[in-house]
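Peer 1: Would you mind keeping the following structure in view while I ask a few things?
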Amino acid sequence: MNTSMNYLLSDIEKTRVEMIDLAQQYGYSNPNVVQCSQKLDLLLNVYEKNS
């Protein structure tokens, strides 16, 4: 696995943890949680496209 994929996987994991933390703190419908979820979706789409 190359460096860019490792970075992408790391970013996916950090974003996932951030989203979970935000959801626990503010609830699932909070705009910050939704925004983080959308970022995670984009990252996962990039990963899927490149794997």
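Peer 1: So how tilted is helix 3-26 from the main axis of the chain? Cα-based, degrees 0 to 90, rounded to 10.
Peer 2: 10
Peer 1: For the range 3-50, what's the relative contact order in percent, using C-alpha pairs closer than 8 Å and at least 6 residues apart?
Peer 2: After rounding, I find 45 percent.
Peer 1: Pulled fully out, how much extra length does the chain show between LEU44 and ILE20, if you take 0.36 nm times their separation in residues and subtract their Cα-Cα distance?
Peer 2: Contour length minus Cα-Cα distance gives 7.1 nm.
Peer 1: Right, next: About its Cα centre, what dipole magnitude does the range 3-50 give when the only charges are +1 on Lys and Arg Cβ and -1 on Asp and Glu Cβ, stated in debye to the nearest 20?
Peer 2: In debye, rounded to 20, the range 3-50 gives about 60.
Peer 1: For a quick size check, give me the Cα extents of the chain along its three principal axes, largest first, whole Å.
Peer 2: That gives 36, 16, 10 Å along the principal axes, largest extent first.
Peer 1: How far, in degrees from 0 to 90, does helix 31-50 lean away from the longest principal axis of the Cα atoms of the chain, to the nearest 10?
Peer 2: Between the helix axis and the principal axis of the chain, the angle is about 20 degrees.
Taken together, the values in this text are just the output of simple stated rules run on the coordinates, not laboratory data. A quick note: this is a predicted structure, and the numbers were derived from the prediction, not measured. Cβ sites come from the backbone with ideal geometry, for glycine too, and all protein chains shown count toward neighbours.
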